[in-house]
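No value in this document is a laboratory result; all are computed from the given coordinates. Predicted model only: the values in this text are computed from it and were never measured. Here the Cβ positions follow ideal geometry from the backbone for every residue, glycine too, while neighbour counts run over all protein chains shown.
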Amino acid sequence: MQDDNRRFVERDRSWHPPAYAPGYKTTVARSPRQALVSMQKPSVSELSGPDFQKLRMGPHDNDLLLNFREDPALTGAAGLPVGERIIMFGRVVDQFDKPVPHTLVEMWQANAGGRYRHKNDNYLASLDPNFGGVGRCLTDEHGWYNFRTIKPGPYPWPNDTNSWRPAHIHISVMGPAISTRLITQMYFEGDPLIPICPIVQTINDKDAVETMIGRLDLPRSNPMDCLAYRFDLVVRGELQTYFENQ
Amino acid sequence: MKQPNSVPCSELLLRETASQTAGPYVHIGLALAAAGNPTRDEEIWNQMAKPEAEGEHIEVVGTVIDGNGDLVRDAFIEAWQADGNGDYQREYDLKKPFNSFGRTATTFDRGSEWSLKTLKPGPVAHASGQPMAPHINLMLFARGINIHLQTRLYFEDEIEANAACPVLSRIESPTRRETLIAKREEVDGKVRYRLDIRLQGEGETVFFDF
Ligand SMILES: [Fe+2]
């Protein structure tokens, strides 16, 4: 018989990037030196989490082509952001390939020039008056989510003397409990900047890097409109023996 | 499909998607006002308790400090806690007087504090059946943090409950246990608890794996 208070497959911390990864310089002073304290028996505090089905979302919260205008009078083609129109979509599943329905997926990104709409980003590339760079949605009952956006540009950052981030979209998922909480980045298949990025290189296992690559999905693209990139998210597997109301 | 019993069990499981840092611009996605951007109709933020919520209203504040002793100004924090009765309210609904989930961020100004307006949580049962002392679960994300750090905030005026808490007792070093205990302050007649989170070095906060 399995322990009733285990709900999730253990997180393999050697698969994830370590806290201290000196090639990514900011980790040096921001990584704990002490070992993590293992909770041998997690409790409801760790095994439960928020349900966002009652969070009221706007009609374009998952459509970054339409959800931001500096000048709201601009609509239609006059108000569209610059860049390659894309669909980013996929499924949230757990390690047993079970869909994670109705869970909150949030994303944020730079514009086509690699500039973020953030008060601390001063990169030379200009802001796009029709692009905010934030999206959110809930997965459907089968775990599917989708966003419409533009492909973000790569951008330089101060790490080594000439470090560039590959094009990427930051993505956040809650899953069924705070134990499954995960924030990662989706990279684009074939980008030559991926293998030389110090942040990607914090990950030791090549196969783990593959879990962060969005793949071109031509059949799901809209002809004469936009390409589609598929990005499935896998969260910790939920064991079958846990009962919520114990 | 794989033939049953033909591969090690570990190969039957998918691997978790690997984590990456939330980066310096996490606010664009998860804390829009902090990025200097317009907010949507409903945002998940730091007012977990509305004035009409039943229970002891408190404010929880703190800083995040790195291994050089400098303030981390771009930290983003999520909180998950029980209500005053010790129940987790799973359904997030801004119409309710209290939500168990909240978000906050350190600010870019000099003081660089995060804050939550919430209720003092009640005790929650541990798996062993013993009660755990009132606590707030915190998840910390920032540039330079490759996978979020998980910790708990306890309350200094819960001396007996803290002493008996099965999770605090898991921490061998009594000195390190202290890193989770928020200090009580009273400001204009309001109760405020303060916890500074130290990422590294002297007084390093205890972070959990679960
Ligand atoms: Fe980024």
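With the charge dipole of the protein assembly as shown set up from +1 on Lys and Arg Cβ and -1 on Asp and Glu Cβ about the Cα centre, the Cα lying farthest toward the positive end among the listed residues A:Leu74, A:Leu47, B:His148 is that of A:Leu74.
Assuming a ≥ b ≥ c are the square roots of the Cα gyration tensor eigenvalues, decide whether chain B counts as rounded (a/c under 1.5), prolate (otherwise, with a/b larger than b/c) or oblate.
Working: a/c = 1.38, a/b = 1.20, b/c = 1.15.
Judged from the Cα gyration tensor, chain B comes out rounded (a/c under 1.5).
In this label model, B:Glu54 and B:Asp93 are separated by 1.5 nm, measuring between points 7 Å along each Cα→Cβ vector. The alpha carbon centroids of region A:173-246 and region B:105-179 are separated by 29 Å.
Across peptide A:178-189, the average count of Cβ atoms from other chains found within 10 Å of a residue's Cβ is 5.
Stretched out fully, how many nm does the piece from A:Glu84 to A:Trp164 gain, at 0.36 nm a residue minus the Cα gap?
Details: separation 80, 0.36 × 80 = 28.80 nm, distance 1.98 nm.
Answer, rounded to one decimal: 26.8 nm.
If you place +1 on the Cβ of every Lys and Arg, -1 on the Cβ of every Asp and Glu, and leave all else neutral, what size is the dipole of region A:60-234 about its Cα centre, to the nearest 20 Debye?
Numbers: 16 positive and 21 negative charges, 47 e Å.
Result for region A:60-234 is approximately 220 debye, rounded to the nearest 20.
Quick one: grab the alpha carbon gyration tensor of region B:1-123, order the square roots of its eigenvalues as a ≥ b ≥ c, and give me rounded if a/c is under 1.5, else prolate or oblate depending on whether a/b is larger than b/c. Here region B:1-123 falls in the oblate category. Looking at the protein assembly as shown alone, DSSP beta bridges between its own residues are antiparallel in about 75 percent of cases.
Over all distinct Cα-Cα pairs of region A:60-234, the Kirkwood formula returns a hydrodynamic radius of 16.9 Å. Remark on B:Ser115: its backbone amide H falls under 5 Å from those of B:Ala105, a criterion applied only to residues 5 or more positions apart or on other chains, H modelled at 1.01 Å from N. Subtracting the Cα-Cα distance of A:Glu10 and A:Leu239 from their residue separation scaled by 0.36 nm leaves 81.4 nm. If you run the Gaussian network model on chain B, springs between alpha carbon atoms under 10 Å, then out of B:Ala22, B:Ala127, B:Ala164 the most flexible one is B:Ala127. Estimated from the Cβ-Cβ distance and a Förster radius of 56 angstrom, the FRET efficiency linking B:Met1 and B:Asp41 is about 0.75.
Under a 10 Å cutoff between Cα atoms, tell me which one of A:Lys151, A:Lys206, A:Lys41 has the largest fluctuation in the Gaussian network model of chain A. Of A:Lys151, A:Lys206, A:Lys41, the most mobile in the Gaussian network model is A:Lys41. Please state, to two decimals, what the Cα-based radius of gyration of region A:2-84 comes to when divided by 2.2 N^0.38 Å (N = residues). Cα-based Rg divided by the globular estimate yields 1.88.
Rank the residues A:Met224, A:Met39, B:Met48 as a footprinting-exposure proxy: fewest other Cβ atoms within 10 Å of their Cβ go first.
On the way: A:Met224 5, A:Met39 20, B:Met48 26.
Least to most surrounded, the residues fall as A:Met224, A:Met39, B:Met48.
Of all lysines in the structure, those lying under 24 Å Cα to Cα from B:Lys183, and not within fewer than 8 positions of it along the same chain, are B:Lys50, B:Lys117, B:Lys120. Helix content alone sets the calculated 222 nm mean residue ellipticity of chain B: runs of n ≥ 4 DSSP H residues at -39500 (n - 2.57) each, divided across all residues, give -1500 deg cm²/dmol. Pairs of C-alpha atoms in the protein assembly as shown farther apart than 40 Å represent 17 percent of all such pairs. Under a Gaussian network description of chain B, with springs only between Cα atoms under 10 Å, the residue in B:Asp70, B:Asp196, B:Asp41 that fluctuates furthest is B:Asp41. Distance between the modelled labels on A:Ala125 and B:Phe108, one decimal in nanometres: 1.9 nm (7 Å Cα→Cβ projection). If R0 equals 30 Å, the separation of the Cβ atoms of B:Arg192 and A:Lys25 corresponds to a calculated FRET efficiency of about 0.30. Backbone phi angles across region B:130-141, fed through the Karplus curve with coefficients 6.51, -1.76 and 1.60 (θ = phi - 60°), yield HN-Hα couplings of 5, x, 8, 4, x, 7, 10, 7, 10, 10, 10, 10 Hz in residue order; Gly and Pro are listed as x. Taking amide H positions as modeled 1.01 Å from N, with prolines and chain starts lacking one, the residues under 5 Å from B:Val124 and 5 or more places away or on another chain are B:Met132. Counting beta carbons within 10 Å around each of A:Val28, B:Val7, B:Val64 and listing the fewest first gives the order B:Val7, A:Val28, B:Val64. Across region B:1-155, C-alpha contacts under 8 Å between residues 6 or more apart give a mean separation that, scaled by the residue count, equals a relative contact order of 27 percent.
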